[in-house]
Every structure is written in C-alpha cells, then in structure tokens.
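J.: For reference, the structure I am asking about is given below.
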Amino acid sequence: FRKDSHKQKRRPNTFPLVKEILGDWEKLRSNKTKGEEKVALVGQILRKAKGRIAELASLHAASRVVQSCLKFGTKEHRELIIAELKPKILELSQNQYGH
C-alpha cells in the first residue's frame, strides 16, 4: 500500500491509468488467456491509453504493457502504437524503460 501511495503522489495523473491497465496486462500475459481474448485485451488497453502510449512506454511497469500490446496485438494495433511512439522516439531511446 505504501509503495502505491508514493507512486500516486509522484504521478497523480498517470497512476490511476497505470494501475488500471496493469490488471488487463496480467490477463494479457497469462498462458491461460486465448488468442482472440488477448487481441480484445490489447484493444481495451489501447482505448484506455490513447494519446498516452509514449508516456506509458517511458515508465517502468507500463513499458511492459506496451511491449505486450506490440507482441499480442494485430497489425492495426501495432501501427497505432508506432504512430504514437514515432514523435517521441528520440526521448524514448534515451529513457531506461523506453526500449
């Protein structure tokens, strides 16, 4: 609880989104989740994170979510992610989590 409280104070606008999409990510990365359900989860995550994907890619836990969306998403999902990341590519390349 304390750890979350600290993160919430540091990033009050981002913390609720990250916490919400991490729940979806847990389902997405599970081996028990079937292919079409994974695609639906990627779509759900991308709707929630629209316009903030580059910001999420630069955060420790959320960068894993973006990676999983690239891995399990459709071609259209990947294109959407790349379109949002492209303007921030230099910043992300210099960020320790923006691989």
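The values are calculated or read from the model by the stated rules, or taken from the named source; none is laboratory data. Since the model is a prediction, treat every value here as computed from it, not as a measurement. Cβ placement follows ideal geometry from the backbone for every residue including glycine, while neighbour counts extend to all protein chains displayed. Side chains included, ligands, DNA and RNA excluded: accessible areas come from the protein's heavy atoms. Shrake-Rupley method; radii C 1.70, N 1.55, O 1.52, S 1.80 Å.
J.: Which one is most open to solvent (accessible area, probe 1.4 Å) among residues in the range 56-69 that are under 15 Å from D24 (Cβ atoms) and of a type outside the set (S, T, N, Q)?
T.: Among those residues, the one meeting the criterion is R64.
J.: I'm trying to understand the selection: among the residues of the range 25-52, which are among the polar types (S, T, N, Q) and more than 18 Å from K75 (Cα to Cα)?
T.: S30, N31, T33
J.: Right, another one. Among the candidates E55, E36, single out the residue that is among the acidic types (D, E) and in contact (Cβ under 8 Å) with a residue 40 or more places away in the chain.
T.: E55
J.: Going residue by residue through the range 70-83, is there one that turns out to be closer than 23 Å to N13 by Cβ and surrounded by 18 or more Cβ atoms within 10 Å (Cβ to Cβ)?
T.: Yes, the range 70-83 has at least one match.
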